[in-house]
Amino acid sequence: MNPNSKLNAYTEIHTKWSVLQDPQSPWYSDLSNASALLYQVLKPWWVGFYLIEGANLHLGPFQGPTACTRIPEGKGVCGTAWLKRESIVVPNVHEFPGHIACSDQSNSEIVIPLISSGEIWGVLDIDSVHYDAFDAIDVIELEKFCASLNPHKL
Ligand code: SME
């Protein structure tokens, strides 16, 4: 996706999300709609949330093929983003040490930590069949999107 199309896609996401988001609903309603919206607009291979419970990330609402259910802290791209509390862009997942391959169709990935009031409660994970699909625009826009999500406790 070229930079202009990407920016237009995120404008659409932020606009639709401001209407869709429902603070009265439980966390699973919000995260379900959030994953569906990102899937519809960005059209990735896979998009979803992993939520922290104890020493693991657990699979939450997602769109796309079935995925691994549990990721320990510090493992894979998701567990590393949790440990470091920072967004990670992986242009080629096959070169990321310890990458967890839920699907052999994924070639690049972005993971954004979900942090509210200084506390991390999960990650957003997006996978693409294309190499090098994610860049600084995705980091900025997805961090903005994730900051608008209502935190929850499992
Ligand atoms: N690739 C991720 C695992 C989750 S799936 O991509 C949906 C990782 O290395 O943490």
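A short reminder: the numbers here are calculations on the coordinates, not readings from a lab. This one's a predicted model, so the numbers in the text were calculated from it and none came from an experiment. Here the Cβ is made from the backbone with ideal geometry for all residues, glycine too, and neighbour counts use every protein chain on show.
The residues listed here are 7, 37, 59; of these, the one that is more than 10 Å from the ligand (Cβ to nearest atom) and under 15 Å from the mean Cα position of the chain (by Cα) is 37. Can residue 23 be described as away from the ligand (no atom under 12 Å from the Cβ), under 19 Å from residue 136 (Cβ atoms) and outside any helix (DSSP H, G or I)? In short, no. Of the strands (runs of 3 or more DSSP E) lying entirely inside segment 64-144, those containing at least 2 residues that are buried (at least 16 other Cβ atoms within 10 Å of the Cβ) are 88-90, 108-116, 119-128.
Every condition in (1) more than 7 Å from the ligand (Cβ to nearest atom); (2) under 20 Å from residue 120 (Cβ atoms) holds for residue 94 except the one numbered (2).
If you filter segment 22-37 down to residues that are in contact (Cβ under 8 Å) with a residue 24 or more places away in the chain and touching a Leu at 6+ places or on another chain (Cβ under 8 Å), you find that the one that is surrounded by the most Cβ atoms within 10 Å (Cβ to Cβ) is 34.
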